[in-house]
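Heads up: the structure comes next, in structure tokens.
The values are calculated or read from the model by the stated rules, or taken from the named source; none is laboratory data. As the structure is a prediction and not an experimental result, all values here were calculated from the model. Please note: Cβ atoms are built from the backbone with ideal geometry, for glycine as well, and neighbour counts cover all protein chains shown.
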Amino acid sequence: MTTLNHYNYQINLTLQAPILSQIAGAKKHGLDTAVLRAADDTPALPGSLIRGNLRHAWCEFEHQLPQDFPYTNIERWLGDESGEGSGDEPRRGLLQFDYQWLTQSKTQAEQQAEQQTEKASEPVQYRIKINDDTGTVDPGALQVIESPFASGDSISFCGTIHCSAISDTESEVLERWLNKAFAYIPALGAMKGSGFGRLQACTITRKQKKIPAGRIKKAPVDGKKNKKKKIKSKPQTLLWSV
């Protein structure tokens, strides 16, 4: 029986704090900008953030090195927008990203809680906006930013990229271009221009899982629909209550 190869790329990203991936919706009292957290309150990066940065890096590779990295790689791995006249038919890619990439490092509050009886509150950072004309702070231009990690600390985030139905050769090519992309990406998250989320290192572990092809249903050939067994309907008795 032929097999289809499924690969999991477990990726560990090391970022330099401060790190900020903004949460949408309600925030804790006193915060203007809060970090994204998982259900267990662990700081996290969204998988869509990783996907978007990979696309940006690969598009730059395609622009600079079209012979080495054609756009067809991006279409195959990440998908593309629907074509004109397609009725918005999706063009999905092979890569599937974990919804949230969780940190493997302890926050400042957790570190302090190990030394104290009560859990300390999460530290914050402040940003202001200077008025170009007066040289003073604009009225109300004070931003309170949640900062769970100490500035300068190396923080690890881990997640997995899943890919099905590719050959061994393509899996090696994909791993090579994943490494190149993460080496090209300077930082992740919000406020990168202010020094937030600098990407220091990346490690990728590729694992293969073979899936029997017989477990995958074949699509209809030449537009013919699969025959369905006719099921005789049995009479039903309806009970009405008054």
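Quick notes on this one:
- Selected residue (criterion: modelled with the lowest pLDDT) from residues of segment 1-16 that are among the hydrophobic types (A, V, I, L, M, F, W, C) and touching a Lys or Arg at 6+ places or on another chain (Cβ under 9 Å): L4
- Flag for G25 being assigned to a loop (DSSP other than H, G, I, E, B) and touching a strand residue (DSSP E or B) at 6+ places or on another chain (Cβ under 8 Å): no
- Residue satisfying all of: in segment 129-149; closer than 17 Å to D32 by Cα and loosely packed, with under 11 Cβ neighbours inside 10 Å; modelled with the highest pLDDT among these: P139
- Of the residues making up segment 94-105, those that are surrounded by fewer than 16 Cβ atoms within 10 Å (Cβ to Cβ) and either charged (D, E, K, R) or part of a loop (DSSP other than H, G, I, E, B) (or both) are Y99, Q104.
- None of N8, N12, N73 is in a strand (DSSP E or B) and more than 17 Å from G197 (Cα to Cα) except N8.
- Close pairs (8 angstrom Cβ cut-off, 6 or more residues apart or separate chains): farther than 17 Å from N8 by Cβ in segment 163-189, of a type in the set (D, E) anywhere: Y184/E60
- Of the residues in segment 25-33, not one is over 24 Å from G193 (Cα atoms) and of a type in the set (D, E).
- The criterion of being aliphatic (A, V, I, L, M), modelled with pLDDT under 65 and more than 30 Å from I128 (Cβ to Cβ) does not hold for V173.
- Residue within segment 37-54 that is surrounded by 13 or more Cβ atoms within 10 Å (Cβ to Cβ), in contact (Cβ under 8 Å) with a residue 12 or more places away in the chain, part of a loop (DSSP other than H, G, I, E, B) and out of contact with any Gly (no Cβ under 7 Å at 6 or more places or on another chain) present: yes
- Pick from segment 150-182, criterion among the small types (G, A, S) and in contact with a helix residue (DSSP H, G or I) (Cβ under 9 Å, 6 or more places away or on another chain), ranking: surrounded by the fewest Cβ atoms within 10 Å (Cβ to Cβ): A150
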